[in-house]
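Down below is the structure, laid out as structure tokens.
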Ligand code: FPP
């Protein structure tokens, strides 16, 4: 048995994270270290996306959410933005047969209308073609930022209230969550950020209220299956208290 298989068999299959979210950071630095262009780092990053999707599916994770392009990423140099947009469309088209084979459902989160048409069509095609899949749900955050999403939800509720269709006092946390792009998706259990920075960068701010955070210095293209399993092993060692005391959690109160 190789190291990876040993680690996988040491996992507690009753305590797997249902939803894993990832911030895929470090592509640019990886490329620079190899003497390549930043875009080559993103291309290499697509291979890691392929691996983590396959492993998530094999491990029985139900939701994998990837921060592929943030609202703020539109401010990067135009050639890098163009490459990323092209890569995202190219990758989803190339991966579609295997995603279908693995019963993976694609879900898109973010301001998808801003994605250039060619890539947008490929993304929407992949989403529609996998709509019947019942295995892993792969949520791709594209032109996404949490403040954008929260502001949109506030606008939607305010419009209904202004139209007299909604009593402002009836707005609950559940109703608010139902107006986010993640409506119907359970909150992430585990958030992994690669690349060494320890920040959230406008990602799923509402949804990660009680997520376990895992930061690794490993750059995204180097993020291996073993590293991913290490993050899950670490997650399984945490006590999730949701504001309660350790004693209450242990007594199942
Ligand atoms: C951050 O690294 C990474 C991104 C802005 C893009 C991530 C996108 C991919 C891995 C490709 C997505 C493809 C699919 C199919 C989802 P960085 O450029 O900020 O790295 P740095 O911090 O080292 O500069």
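Every number here is computed from the coordinates shown, using simple stated rules; none is lab data. The structure displayed is predicted, hence computed values, not measured ones. Note that each Cβ is placed from the backbone with ideal geometry, even for glycine, and that neighbours are counted across all protein chains shown.
Looking across the range 28-77 at every residue that is near the ligand (Cβ under 9 Å from one of its atoms) and part of a strand (DSSP E or B), the one that is nearest to the chain's Cα centre (by Cα) is identified as 66. Looking only at the range 203-212, residues that are crowded, with 17+ Cβ neighbours inside 10 Å and either within 13 Å of the chain's Cα centre (by Cα) or within 12 Å of residue 177 (Cβ to Cβ) (or both) come to 5 in all. Within the option set 203, 214, being in a strand (DSSP E or B) and in contact with a strand residue (DSSP E or B) (Cβ under 8 Å, 6 or more places away or on another chain) holds for one residue only, 214. Touching a strand residue (DSSP E or B) at 6+ places or on another chain (Cβ under 7 Å), in contact (Cβ under 8 Å) with a residue 24 or more places away in the chain and within 14 Å of the ligand (Cβ to nearest atom) - does that describe any residue in the range 173-185? No: zero hits. One residue stands out among those in the range 57-104 that are without any contact (Cβ under 8 Å) to a residue 60 or more places away in the chain and under 20 Å from residue 190 (Cα atoms): the one that is surrounded by the most Cβ atoms within 10 Å (Cβ to Cβ), which is 104. Sub-7 Å Cβ pairs linking a first residue in the range 223-243 that is free of Cβ contacts under 8 Å to residues at least 12 places away in the same chain to a second residue that is exposed (fewer than 15 other Cβ atoms within 10 Å of the Cβ), at least 6 apart or interchain, are 239/246; 239/249; 241/249, ordered by first then second residue. I'd like to verify a number: residues in the range 2-36 that are free of Cβ contacts under 8 Å to residues at least 12 places away in the same chain and surrounded by 22 or more Cβ atoms within 10 Å (Cβ to Cβ), how many? Going through the range 2-36 one residue at a time, the tally reaches 0. Please state which of the following conditions residue 154 fails to meet, knowing it meets all the rest: (1) in contact with a strand residue (DSSP E or B) (Cβ under 8 Å, 6 or more places away or on another chain); (2) within 23 Å of residue 200 (Cβ to Cβ). Result: residue 154 passes all but (1).
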